[in-house]
Amino acid sequence: MFKLLRRKISLQLLSFYILFVIPVLVGVITFYLFERNQLQEEAERADLGLAQSIALETETNLGRVSEIANSLATSDEARHLDFGQLQRTFANRAAAHPDISLFFIHDPNGNMLTNYPYNPQTIGQNYAYREYFQEALKRDKPYISDVRDSATLEITVVTVSRRITNEAGQVVGILGINLSLEKLTANLNVVRQKIAKPGVVRIWIVDGAGKSLANTEGVPPQTDLQARIPSLKKVLHGESGNQLTREQDREWLNSYLPVQGSHWAVVVQRPSAVAFASINNFQAGLILALLLLVLGASFFWFMLNRRVIAPLSRLAQATSVVDPDKPEGLVMNSTILAHERQRTDEIGGLVAAFITMEAKIYERFKLIYEKLQEQFQTLEAIMRSMEEGMLLEDPAGKVVYANQRFCQSVGLSADEIIAEDSPEPLLRQRLTHLIEDPEGYNQGVNQALSGGPRLFEFKVKGIYNQSGEFVQLRRDIRFKMFNVRDSNGQLIGRGKIFQDVTHQNEVERVKTNLLAVVSHELRTPLTAIKGYASGLLEPDVAWDDSSQAYCLQQIVGECDRLAELVNSLLEMSQVEAGTLKLNQALYRLDWLVQEALKHSRILRDHQSVNLSLPPGILLKVDGRRFGVVLRNLVENAGKYAGKEALIEVSAHFEPPHATREPGFIVTVQDNGPGIPTHLTERIFERFYQVDGGLERSSSGVGLGLAICRGLVAAHGGWIRAENRTDGSSGALFHIWLPARLVQKAETVEQEGSYLIPSS
Ligand code: ADP
């Protein structure tokens with residue numbers, strides 16, 4: 001809930017609003033309740049005030065009548081029962097008080113003695129049972145009766161009675177004054193008319209029994225009002241107050257007040273809706289205000305949400321899908337903000353500013369990204385083109401990068417090398433498998449890590465080629481380690497370089513060999529020459545002719561050997577420098593072979609040569625150099641196959657091949673020990689001689705095959721060696737020449753014309 005609140009500004013605003021509205025509501029309700037009581041009290045007080053003024057007026061009237069009763073009862077004519085005089089006095093008073101309907105006097109027994117207006121029928125009748133008579137007897141002041149029917153006049157009246165006593169204090173009679181109630185009713189109507197319409201205010205005057213004396217409703221006197229207003233009882237006990245009652249489906253506010261000096265009371269009735277109109281109005285106003293507050297705030301919240309918050313969240317939504325790799329995902333291209341972009345207010349401005357900013361950032365980002373990509377690609381290209389294998393590790397020793405060369409050499413992908421989840425990393429397993437002496441290698445690495453030499457060499461049994469096949473060929477690898485530091489000099493990783501130094505080592509070896517061989521091959525003939533020459537020059541030795549000739553022959557032979565060595569070195573240097581110039585012409589193949597055999601030095605008695613050459617083959621070659629090739633091969637065959645050597649020289653056309661142009665192959669085969677299979681290529685390297693071969697003195701310098709390869713290549717062909725596959729031991733050397741260098745003589749004459757003597 002709180003998370004949602006923290007995320008939604010609309011909810012925050014809503015909660016702020018609620019936090020604001022609740023105190024306002026509490027305040028308003030408190031104020032309302034307070035005001036309501038005030039207003040109610042005011043309304044009640046107003047009605048009580050009205051009742052009071054009516055009560056006062058009624059009181060005044062009654063007081064006046066009571067005074068009349070007092071003055072009449074204590075007058076001489078009353079004390080002496082002077083009826084003549086009394087009639088005159090009554091007439092006077094009646095004229096002054098139209099609301100008095102009757103004056104009368106009873107004797108102490110209740111018999112009617114006289115009355116005014118005079119009514120002879122009632123004279124002598126006894127009214128002792130009347131309450132006003134009984135009550136008047138008891139006191140020495142006027143008594144005001146409840147409402148009652150006047151038997152004499154047949155109207156409803158109220159009687160004010162007063163006893164008449166003589167000078168001796170004896171009761172001589174009871175004076176009665178009947179008050180007609182019509183005047184009272186008329187008064188009430190006047191009052192009511194002044195303040196309100198009929199029905200809105202009802203005014204009642206009731207007697208001590210709760211019966212109506214006068215009212216504004218046209219209800220006949222004596223109607224029992226207490227049944228309608230139960231609280232009227234209180235009034236009759238001299239209390240004043242207000243009460244709400246329900247009558248004719250309306251609620252009424254009753255305000256009541258006793259009339260002093262009597263048992264009477266004034267009751268003012270008003271519908272509570274009218275009495276409390278101001279309260280209701282106040283209440284309605286308050287509800288309206290609250291409603292407006294809620295509606296206004298809701299509208300404000302809705303508009304704020306729609307115009308500000310929703311666009312902002314859309315902007316956030318649009319921003320969250322920004323992907324530099326997908327320009328269509330940019331805010332400026334997104335349809336989410338289509339509406340906001342049209343706006344000219346602050347939100348429109350914000351979106352526009354955002355879009356501009358985004359465009360700039362995007363451009364900048366793109367530039368940086370492209371630059372980075374470029375740099376990365378360059379770096380990657382450098383790494384890829386490196387001859388050396390390279391590994392980068394983090395300070396903890398985990399591989400983070402392996403270049404292509406390294407991956408290829410160990411036959412693993414970069415992902416496999418970098419994968420960290422395998423408990424015994426693939427790379428370690430692979431290295432253990434490839435390295436000849438894994439323990440020595442680990443020792444070397446550990447020493448490098450602990451500050452020892454960072455450069456050492458180790459041997460691998462072979463490496464993987466580009467097609468991912470393992471090639472079993474021993475190689476020398478130089479290991480080099482370096483630290484990678486950031487600009488602050490902090491160690492951020494280590495680099496390991498694996499350099500294949502097989503060739504370098506080979507060159508070194510060749511150099512060493514060259515020195516050894518050349519010095520040996522030069523010194524041997526020179527020593528021999530010097531020996532023979534010194535012998536011949538010996539003054540005290542007499543040499544016979546044959547011995548002299550032998551010595552000289554030996555000197556010439558050793559000189560030839562020297563010359564041949566020098567020639568070979570020269571030839572080799574020309575081949576290597578690419579400055580070899582061929583002197584090509586057409587030669588008969590069989591002649592070339594015969595010449596080679598003829599000049600071969602080592603052919604001995606038991607050695608034999610078989611020729612199996614197609615007839616009439618002419619080769620367009622440099623005769624001398626091709627002769628050197630053939631001679632080298634035949635001499636090698638004789639040399640390595642030993643005394644019983646059986647040498648075979650054959651030739652055939654090679655039909656066109658899918659990958660090769662048509663060619664012609666000359667093969668020299670022997671029955672010697674053959675060549676170790678893994679060295680069939682290496683024997684063509686300069687100064688390479690198979691270990692355990694013949695003694696150096698007799699086995700040459702290891703240049704023969706290298707020169708052969710160079711010379712054949714100069715003709716556009718190739719040479720390679722293999723072992724016999726027909727069950728016997730022996731080596732095979734194939735010279736391949738492109739077919740364009742080969743012709744077939746059509747006739748014997750033609751053939752003859754190419755019997756070119758050796759140059
Ligand atoms: P070398 O002067 O030692 O003969 P080459 O270059 O002619 O030098 O030959 C290189 C090596 O190839 C020789 O040392 C030898 O071990 C091997 N080799 C050459 N020809 C033959 C052959 N016909 N049979 C066996 N091994 C041979």
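The values are calculated or read from the model by the stated rules, or taken from the named source; none is laboratory data. The structure displayed is predicted, hence computed values, not measured ones. No Cβ is skipped: glycine too gets one built from the backbone with ideal geometry, and neighbour counts run over all protein chains shown. Remember, those area values only see protein heavy atoms, side chains included, never the ligands or the DNA or RNA. Shrake-Rupley method; radii C 1.70, N 1.55, O 1.52, S 1.80 Å.
Quick notes
- Our Cα-only numbers for the stretch 159-206 put the radius of gyration and Dmax at 18.7, 57 Å.
- Pairs from the list Lys581/Lys744; Lys598/Lys620; Lys459/Lys496 with a Cα-Cα gap above 19 Å: Lys581/Lys744; Lys598/Lys620.
- Based on Cα contacts under 8 Å between residues 6+ apart, the chain shows a relative contact order of 6 percent.
- Kyte-Doolittle at least -1.0, axis length at least 30 Å by Cα - qualifying DSSP helices, the chain: 9-73, 277-304, 346-385, 502-537, 545-577
- Ranked from largest to smallest solvent-accessible area, with a 1.4 Å probe on the protein heavy atoms, Ser15, Ser450 come out as Ser450, Ser15.
- For Arg64, solvent-accessible area (1.4 Å; no DNA, RNA or ligand), Å²: 90
- Calculated Rg and Dmax of the stretch 152-273 using C-alpha coordinates, Å: 17.0, 62
- Counting only protein heavy atoms and a probe of 1.4 Å, the accessible surface of the stretch 386-500 is 48% carbon and sulfur.
- Per residue, the average separation of C-alpha pairs within less than 8 Å and at least 6 apart gives the stretch 182-235 a relative contact order of 26 percent.
- Estimated from the Cβ-Cβ distance and a Förster radius of 41 angstrom, the FRET efficiency linking Leu515 and Thr432 is about 0.60.
- Working from label points 7 Å from Cα in the Cα-to-Cβ sense, the Met357 to Leu537 distance is 10.2 nm.
- Cβ-defined net charge surrounding Glu439, 14 Å radius [Lys, Arg +1; Asp, Glu -1]: 0
- The fraction of accessible area contributed by carbon and sulfur in the stretch 581-755 is 49 percent, rounded to a whole number (1.4 Å probe; ligands and nucleic acids excluded).
- Think of a 1.4 Å ball rolled over the protein heavy atoms: the chain then has 55 Å² of accessible area per residue.
- Solvent exposure, largest accessible area first (probe 1.4 Å, DNA, RNA and ligands not counted), of Val666, Val507: Val507, Val666
- Rolled with a 1.4 Å probe across the full set of protein chains, the surface gives Lys511 an accessible area near 110 Å².
- Reference-scaled alpha-carbon Rg (2.2 N^0.38 Å with N residues) for the chain: 2.72
- Straight-distance crosslink candidates among aspartates and glutamates, where the alpha carbon sits under 13 Å from Lys371 and sequence neighbours closer than 8 are dropped: Glu363
- Normalised contact order of the stretch 506-572, rounded percent, pairs of Cα under 8 Å and 6 or more residues apart: 39
- Prolate/oblate/rounded call for the stretch 581-755, Cα gyration tensor, a/c under 1.5 rounded: prolate
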